[in-house]
1. Of all residues in region 96-113, which are surrounded by 16 or more Cβ atoms within 10 Å (Cβ to Cβ), hydrophobic (A, V, I, L, M, F, W, C) and part of a strand (DSSP E or B)?
2. Go through (1) modelled with pLDDT under 95; (2) surrounded by 12 or more Cβ atoms within 10 Å (Cβ to Cβ); (3) closer than 22 Å to Pro103 by Cα for Ser172 and report which single condition fails.
3. Just one of the numbered conditions (1) in a helix (DSSP H, G or I); (2) in contact with a helix residue (DSSP H, G or I) (Cβ under 7 Å, 6 or more places away or on another chain) is not true of Pro123; which one?
4. One residue is enough: does region 19-27 have a residue meeting the conditions among the aromatic types (Phe, Trp, Tyr) and modelled with pLDDT of 90 or more?
5. Gly144 - would you say it is under 15 Å from Trp73 (Cα atoms), modelled with pLDDT of 95 or more and among the small types (Gly, Ala, Ser)?
6. I'm trying to understand the selection: among the residues of region 174-202, which are outside any loop (DSSP other than H, G, I, E, B) and under 14 Å from Phe122 (Cα atoms)?
Amino acid sequence: MTRRTTIENMAQRLAATTLLLAFFLPAKSYAAASEWVTVTGGAIRIVASQPKADGSIPAILEVKLEPGWKTYWRDPGPSGIPPQITLDPAGSVVLDAIHFPVPKTFGEGAGRYVGYDDPVAFPLTLKRVGNGRDVTIRASVFLGICEDICIPVQGELDVTLKEGDFDNPLDSARIADAVASLPEAPSEDFRVTTATFDAAAGVIRLDLQLPQKASRPELFLAGPSGISFGKPVVGEPATHRRVDVPVRLSGKDKRIAGKPIALTVRAGDRSMETTLVFD
């Protein structure tokens, strides 16, 4: 074997190895995530996947929290700030909804609030508009993060989904995990069986059907502006539970009729979400 032949063989092997690496290692353009934006107490970013045939775009807002810091649910209490996302109207995407994993309650009395003390991902309902080949998500995110007091934070996030690119499997898994963590829909063994509003007492009264052997349920309620809720009072252990929820009405329109109220219930390792509307 001549020296020339040896060099040619080595060159061929090197070229083959380079091709294999290019095939197995994801290119930078595969990533469907914005850069992390550092804010007080943590960092935020948006992760998105390629649009589906119906124009919907699987996506999440990720909030990374430093130890000891918290962020808020859709109804955070009297002093918190829920996540808010505003998309650039000149972009090719609209936001229909933000979805919330089941939260936790912190504090007591006037200091009681609802939120998260671990990193959290909020699934987003995004819709593609227009006929452009690429999709650009430009989002202004405003939310509260707290250690001892609520601190408003804001970040500008950009994601571009190029037509023909493949999704990063890790990004897709993050989105799928976030969606899977959302509360389930009502079912035969986990639902609200009756819901009434006692205006004289200022209380919503609920009867719950809970899963067998479920632990004492936790309830979280969120309504439109002007409606706030006190700490739910849960009845004695049973598969059927009566729960009374104090209601405070403020503002000019002190009515509850016709106003949708989101209810999330955690019972053991399951959670359920539904909407209450009273006559």
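1. Ile98, Phe106, listed by residue number.
2. Unmet condition: (3).
3. Here Pro123 meets the rest and fails (1).
4. Looking for residues that are among the aromatic types (Phe, Trp, Tyr) and modelled with pLDDT of 90 or more, one finds none in region 19-27, hence no.
5. yes
6. Across region 174-202, the qualifying residues are Arg174, Ile175, Ala176, Asp177, Ala178, Val179, Ala180.
The values are calculated or read from the model by the stated rules, or taken from the named source; none is laboratory data. These figures come from a predicted structure and were not determined experimentally. Counting neighbours? That spans all protein chains shown, and the Cβs are built from the backbone with ideal geometry, glycine included.
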